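These notes concern the structure reproduced below.
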Amino acid sequence: MLLTLDLVGIFVFAVSGGLVAVRNQLDIFGVVSLAMATGLGGGVIRDVVIGAVPPPAIADWRYLLVPVIGGLVTFWLHPAVGRLEREINVFDAFGLGLFCVAGALKAQEYGLGPAPSAALGMVTGVGGGIIRDLLAGRIPVIFRHGELYAIPALAGAAIAATGAELGLAPGVILAPAALVTIGWRLLAVRRGWRVPAARQEPPAR
Amino acid sequence: MLLTLDLVGIFVFAVSGGLVAVRNQLDIFGVVSLAMATGLGGGVIRDVVIGAVPPPAIADWRYLLVPVIGGLVTFWLHPAVGRLEREINVFDAFGLGLFCVAGALKAQEYGLGPAPSAALGMVTGVGGGIIRDLLAGRIPVIFRHGELYAIPALAGAAIAATGAELGLAPGVILAPAALVTIGWRLLAVRRGWRVPAARQEPPAR
Amino acid sequence: MLLTLDLVGIFVFAVSGGLVAVRNQLDIFGVVSLAMATGLGGGVIRDVVIGAVPPPAIADWRYLLVPVIGGLVTFWLHPAVGRLEREINVFDAFGLGLFCVAGALKAQEYGLGPAPSAALGMVTGVGGGIIRDLLAGRIPVIFRHGELYAIPALAGAAIAATGAELGLAPGVILAPAALVTIGWRLLAVRRGWRVPAARQEPPAR
């Protein structure tokens with residue numbers, strides 16, 4: 001069940017990576033590479049940092065196969081895939097919620113305290129997208145447009161890390177923590193909520 | 001013998017990194033840094049991911065010295081070095097073949113299955129060039145131009161990983177697997193073989 | 001004492017990351033992210049490479065909190081912070097000296113020889129800035145402008161690694177090695193010393 005959810009999340013992230021690659025007119029190897037980096041990157045960073053090596057995302061061939069398929073599907077069907085932007089956003093929110101909560105719980109399991117676990121949970125959720133953007137030659141979108149993306153991820157990860165610290169079973173924490181991230185993220189998309197950007201000019205007095 | 005081959009591969013990759021740096025008008029520290037990142041990056045990524053830390057590429061001073069020399073030579077002699085493009089391409093194909101096969105065999109040794117070992121072997125071969133391009137501020141060339149580079153690397157790595165899985169000795173696998181990569185790559189350069197790039201427009205019906 | 005110095009160094013580096021983010025008009029999450037990456041990135045790379053995982057920079061919440069504060073302060077007060085460029089340069093030199101020496105000593109402790117320890121010490125000092133520039137979409141400044149930054153860092157790290165190799169106590173080595181880096185760097189800033197950049201054209205004869 002959890003494996004299935006995980007693979008669905010990886011697939012959706014991989015499609016988002018593949019779409020960015022297609023829009024940058026990369027070749028088929030570039031599209032599959034960006035799909036893999038986006039789908040697996042966040043988890044690999046977390047695993048390398050906590051010492052869970054080799055990361056399952058690399059050692060388990062199912063984790064390798066899913067983003068390859070995601071990349072190939074995007075490469076061949078991208079006009080159709082690109083039109084599904086709204087559906088992709090919804091799946092992406094689910095992937096984000098699942099990744100950041102699962103990431104925080106895994107960091108906790110490896111002995112990290114609640115604050116580092118929450119931070120690494122967020123990195124699990126957003127890391128793949130950051131790598132995707134670096135490979136595509138652009139400043140990561142989550143740093144630029146005031147999109148409310150990382151904060152909901154951090155919130156879900158923090159709830160999960162706090163719950164685990166209080167001794168709640170992972171199975172009990174997973175769903176509510178992920179739902180906070182998913183719900184907040186979907187509301188932010190629908191309502192157009194934004195975080196502030198830096199002003200280049202000093203404010204008028 | 002293997003060490004010598006490895007150091008030759010690192011040197012050639014380092015020169016390719018140094019040339020990219022020179023063409024971006026970097027300073028001497030930038031040239032040496034790109035040379036080191038290109039020569040050693042793929043192996044370091046592989047070692048960090050499989051838990052072989054500290055990576056020999058960093059812990060053994062000979063591995064550090066060779067790309068430094070490669071970088072300095074390129075910095076001082078780059079007009080001459082730049083004219084050797086055809087020779088560099090040949091040596092680069094040898095480096096690629098050696099790196100991807102050795103990378104796959106090492107991943108296998110650390111307990112990974114054949115598919116992940118093949119993938120990591122490919123990463124060993126192409127990772128340095130990807131880091132080089134990121135540091136030089138451009139989208140990695142192997143993602144863009146349809147160059148047939150990563151696929152031959154994956155083929156050699158897959159043959160090596162399969163052979164090791166079947167119990168063949170590394171010494172028996174190394175040469176034929178590397179030759180597949182090298183031969184395919186050199187043929188692709190000579191014949192101008194390409195992989196497809198993504199079409200931005202949907203195909204006409 | 002050492003912890004305090006370390007946190008001061010992280011804070012200064014975080015402010016430099018935050019300023020780059022503000023100048024690229026990133027949003028508040030981007031500013032804090034670049035502050036964290038700049039303040040902690042060099043140490044995390046070193047720790048991952050030598051196998052000291054999870055890195056204290058991530059497992060200890062104080063190391064996480066300091067660059068977050070550095071980022072938020074920069075986000076809100078950047079017109080004032082930006083005017084402190086000269087003071088920031090001085091603090092940055094102190095952070096560089098401390099980081100590269102502490103990094104070399106830690107690598108030595110983990111069993112690396114003097115040359116790799118010196119190299120990793122330098123990476124500890126300059127790695128955060130390189131990540132900052134990659135995330136901000138620009139070629140790392142230390143590769144481009146001939147700024148005399150990495151060489152003083154390497155010098156201090158090499159002195160520290162050599163001293164440790166000779167059996168001197170870390171407490172004895174730290175201050176003089178760091179002062180070499182700090183002094184050289186501050187002199188280079190004041191006197192405008194430069195390292196050579198690559199010529200694109202062959203020299204006239």
With B:Asn89 itself left out, Lys, Arg at +1 and Asp, Glu at -1 over residues whose Cβ is under 14 Å from its Cβ give +1
Whole-Hz Karplus couplings 3J(HN,Hα) for segment A:160-168, θ = phi - 60° and coefficients 6.51, -1.76, 1.60, Gly and Pro as x, run 5, 5, 5, x, 5, 4, 7, x, 5
The answer for trypsin sites (Lys or Arg not before Pro) in segment C:65-144 that fall in a DSSP coil and have at most 15 neighbouring Cβ atoms within 10 Å is C:Arg83, C:Arg138
Classified through the alpha carbon gyration tensor (a ≥ b ≥ c as square roots of its eigenvalues; rounded if a/c is under 1.5, else prolate when a/b is larger than b/c, else oblate), the protein assembly as shown comes out rounded
Counting sequence-distant residues (5 or more places) and residues on other chains, those with an amide H built under 5 Å from that of A:Leu26 are B:Ala198
From the Cα centre of segment B:126-179 to that of segment A:126-205, the distance in Å is 36 Å
Ranked output for segments A:8-15, B:168-175 by mean other Cβ atoms within 10 Å, highest leading, reads A:8-15, B:168-175
The simple spin-label model distance between A:Leu2 and B:Arg138, using points 7 Å out along Cα→Cβ, in nm, is 4.5 nm
FRET efficiency for B:Leu187 and A:Leu65 from the Cβ-Cβ distance with R0 = 35 Å, rounded to 0.05, comes out at 0.75
For C:Leu179, inter-copy label-point distances (7 Å, Cα→Cβ), nm, shortest first, read 6.3, 6.3
Calc'd 3J(HN,Hα), segment B:93-100, phi into Karplus 6.51 cos²θ - 1.76 cosθ + 1.60 (θ = phi - 60°), Hz, glycine/Pro = x, comes to 5, 5, x, 4, x, 5, 5, 6
With x for Gly and Pro, the residue-by-residue ³J(HN,Hα) of segment C:11-21, computed from phi through the Karplus equation 6.51 cos²θ - 1.76 cosθ + 1.60 at θ = phi - 60° and given in whole Hz, is 4, 5, 4, 4, 4, 5, x, x, 5, 4, 5
Honestly chain B on the Cα gyration tensor test (a ≥ b ≥ c root eigenvalues; a/c under 1.5 rounded, otherwise a/b vs b/c for prolate or oblate) is just oblate
Highest GNM mean-square fluctuation among C:Leu166, C:Leu134, C:Leu148, for chain C with Cα springs under 10 Å, belongs to C:Leu166
Expressed as a whole-number percentage, the relative contact order of segment A:2-191 with C-alpha contacts under 8 angstrom and at least six residues apart is 25 percent
Residues whose built amide H sits under 5 Å from the amide H of A:Glu147, excluding neighbours closer than 5 in sequence, are A:Val195
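Here, each number is a calculation from the coordinates, and none is a lab measurement. Remember, it's a predicted structure, so these values are computed and weren't measured experimentally. Methodologically, a virtual Cβ is constructed for each residue, glycine included, from the backbone with ideal geometry; neighbour enumeration extends over all protein chains shown.
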